[in-house]
Amino acid sequence: MFIGHFAAGFAAKRVAPRVSLAVLFLAAQLADVLWPIFVGIGLETVRIAPGITAVTPLDFVSYPYSHSLVALAIYGVALGAACWWLLGGRSTFVVVAALVVSHWVLDVVSHRPDMPVYPGGRKYGLSLWNSLPATLLVEIAMFAAGVWLYAKTTRPRDAVGRWSFVALVVFLLIAYGANLAGGPPPSVAAIYWIGMVGSVVILLWSWWTDRHRTIASAHD
Ligand SMILES: [Zn+2]
């Protein structure tokens, strides 16, 4: 899953308005932020296998440290506790930790049965990626709902807050489309470099956007 994770990050602003969108994105995407690094240093393995699913040509051979339920639960508690300590708010810990773990649940829906419960443990996957139309339907509906909730929860402070948000949404949709239509990547190195650069760009962009927006209403 790709934009479905960002949908979760956008939507979470509704329940944790004091937490920056960048932190919400980091939490929802932590597995995919760590994964290119772990592949790059040889800790985890991916293989390019065109046709393995209708949506992605990647065979996730092994990724227990970035994508197992137990690893994500540990990272979720750690990141949630750090955010709670820094930002306060009863809901901060719960929302951030839940977002980190939500990555596992959403990836289980889309992936082949390659999502481990713990390193070496049983793997799960419901294979939504076997159908391109079903994948698009689910992810775009989730994304639309997430963007709508974020847009309703916040309002722009200035022109940057308005247009940077619009551009970020468009950028994520274009990145998603390019991912789907672009064909198999040329090499594993290309996968992890694009993954790492993409994470940095999206996190900085969302941090900048969120700073130029404010909470729309006080009733939260
Ligand atoms: Zn993932």
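Every number in this text was worked out from the coordinates using simple rules, so none of it is lab data. Since this is a predicted model, take the numbers as computed values, not measurements. Here the Cβ positions follow ideal geometry from the backbone for every residue, glycine too, while neighbour counts run over all protein chains shown.
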- Message: Given the DSSP H assignment, sum -39500 (n - 2.57) over each helix run of at least 4 residues in the chain and divide by its residue total; what's the result at 222 nm in deg cm²/dmol, nearest 500?
- Response: -21500 deg cm²/dmol
- Message: Just to confirm the number: angle between the C-alpha axis of helix 90-110 and the first principal axis of the chain, 0 to 90 degrees, nearest 10?
- Response: 30 degrees
- Message: Using only Cα atoms and rounding to the nearest 10 degrees, what angle (0 to 90) does helix 69-87 make with the longest principal axis of the chain?
- Response: 20 degrees
- If one compares the long axis through the Cα atoms of helix 188-211 with the longest principal axis of the Cα atoms of the chain, the angle in degrees, nearest 10, works out at 10 degrees
- Roughly what % of Cα-Cα distances in the stretch 56-161 sit above 20 Å, to the whole percent? 55 percent
- Roughly speaking, what % of Cα-Cα pairs in the stretch 111-150 are separated by over 15 Å, rounded to a whole number? 57 percent
- Using only the alpha carbons, work out the radius of gyration and Dmax of the chain in angstrom. 17.0, 50
- Message: Run the simple label-point estimate for residue 148 and residue 90 please: 7 Å along Cα→C-beta, distance reported in nm.
- Response: 2.9 nm
- Size descriptor, Kirkwood hydrodynamic radius, that averages inverse alpha-carbon separations across the stretch 1-91, Å: 14.6 Å
- Label the stretch 160-220 by shape, choosing from rounded, prolate and oblate, from the square roots a ≥ b ≥ c of the eigenvalues of the Cα gyration tensor; if a/c is under 1.5 it is rounded, and otherwise prolate applies when a/b is larger than b/c, oblate when it is not. prolate
- Item | Column: log10 I(q)/I(0), Debye, Cα scatterers of the stretch 101-220, q = 0.12, 0.16, 0.18, 0.20 Å⁻¹ | -0.61, -1.01, -1.17, -1.28
- How far apart, in nm, are two points set 7 Å out from the Cα along the Cα-to-Cβ line at residue 214 and at residue 141? 3.7 nm
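Please report Rg over Rh for the stretch 65-121, where both radii come from the alpha carbon positions and Rh follows the Kirkwood definition. Mind dumping the intermediate values first?
Values: Rg = 12.4 Å, Rh = 11.7 Å.
My calculation of the ratio gives 1.06.
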- GNM on the chain, C-alpha springs below 10 Å: top fluctuator among 100, 147, 160? 160
